[in-house]
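Quick note: the coordinates plus some simple rules give every number you see, no bench work behind them. Since we're looking at a predicted model, the values are computed, not measured. No Cβ is skipped: glycine too gets one built from the backbone with ideal geometry, and neighbour counts run over all protein chains shown.
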Amino acid sequence: MNFKRILLKLSGEALMGERSYGIDPERINEYAEEIKQIYNQKTEIAIVIGGGNIFRGVSGSSQGIDRVQADYMGMLATVINGLALQSALENVGVPTRLQTALKIEAVAEPYIKRKAVRHLEKNRVVIFSAGTGNPFFTTDSAAVLRAVEINADVILKGTRVDGIYNDDPEKNKEAVKFDSLSFEDVLKKGLKIMDTTAFTLSQENKLPIIVFDMNTKGNLTRVVRGENIGTKVDL
Ligand code: UDP
């Protein structure tokens, strides 16, 4: 395997499958199966899960909810997704721990870096939820932050598209995909992969990001094996 320790970022929207809201049980079970494949090959796996399928702070605040309150609602949404993913993983026999950046101790462990690393060393998948625990951040920022903290080799951003294009491939049929890009290229070309805070943190810490299509069976394994799919952003 090409990577020993990975941080997989899954957006909340990815869990919706064909639905327009919430969690599609079939999709989450498929993801659990995909994760199991790399788990079986001894990859150490940390996951940061988003919450956009349930609640997003920005849209809440546009409807009159105080922004900070709305962001806490968004963070709690990621805990719901984390619990669902934990359950799906355990159903396929993958031992998992859920850690939260906001304390909800009856439900999950609080985030403790050393504990998280210990779980990884003991071959448990660790799911980080509640983002960074702070309003005005995103789960992409949480993904980079946790990846840097636990010394992950790479951030794997699983999406619905198969990489980074020069235009939105869902709208422009002529859009061209990049196989690899430098952090500088991404900035120069004005490409949007993650929000600026997350992207800068990754660049400053020289942490590569691979954007790939998580919805194609076997892709996660291929990426971890080092096959050239998706788009890699590196120095
Ligand atoms: N959020 C936050 N701080 C964080 C991470 C998330 O306030 O560190 C809130 C924010 O309101 C965000 C919501 O949680 O809209 C859900 O996360 P995100 O939108 O990143 O989820 P995704 O787009 O990955 O589904």
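Observations on the structure shown:
- Segment 26-89, relative contact order [Cα under 8 Å, separation at least 6], %: 42
- For the chain, the convex hull spanned by the alpha carbon atoms encloses 121 Å³ per residue.
- Karplus (6.51, -1.76, 1.60) ³J(HN,Hα), θ = phi - 60°, over segment 96-105, in Hz, Gly and Pro reported as x: 9, 10, 9, 10, 10, 6, 10, 6, 9, 5
- Sum of -39500 (n - 2.57) over DSSP H runs of 4+, divided by residues of the chain (222 nm, nearest 500): -11500 deg cm²/dmol
- When the P(r) of segment 1-105 is calculated, the portion above 17 Å amounts to 55% of the C-alpha pairs.
- The residues PHE178, PHE128, PHE212, when put in order of fewest to most other Cβ atoms within 10 Å, stand as PHE178, PHE212, PHE128.
- Within-11-Å neighbourhood charge of LYS217 [Cβ basis; K, R +1; D, E -1]: -3
- Each of ILE45, ILE229, ILE112 was scored by other Cβ atoms within 10 Å of its Cβ. Arranged with the fewest first, they read ILE112, ILE229, ILE45.
- For segment 186-235, the Kirkwood estimate of the hydrodynamic radius, built from every pair of different alpha carbons, is 12.0 Å.
- Ordered by the count of other Cβ atoms within 10 Å of each Cβ, fewest first, MET194, MET1, MET214 give MET1, MET194, MET214.
- ASN81 sits among other residues whose Cβ lies under 14 Å from its own Cβ, and their net charge, with Lys and Arg +1 and Asp and Glu -1, is +2.
- Residue pairs, from the table LYS103/LYS192; LYS157/LYS189; LYS173/LYS206; LYS113/LYS189; LYS36/LYS122, whose Cα atoms sit over 27 Å apart: LYS103/LYS192; LYS173/LYS206; LYS113/LYS189
- Within a Gaussian network of the chain (alpha carbon springs, distance under 10 Å), most fluctuating of GLU109, GLU204, GLU121: GLU204
- Relative contact order [Cα under 8 Å, 6+ residues apart], the chain, whole percent: 22
- Segment 19-156, relative contact order in percent, only Cα pairs under 8 angstrom and at least six apart counted: 27
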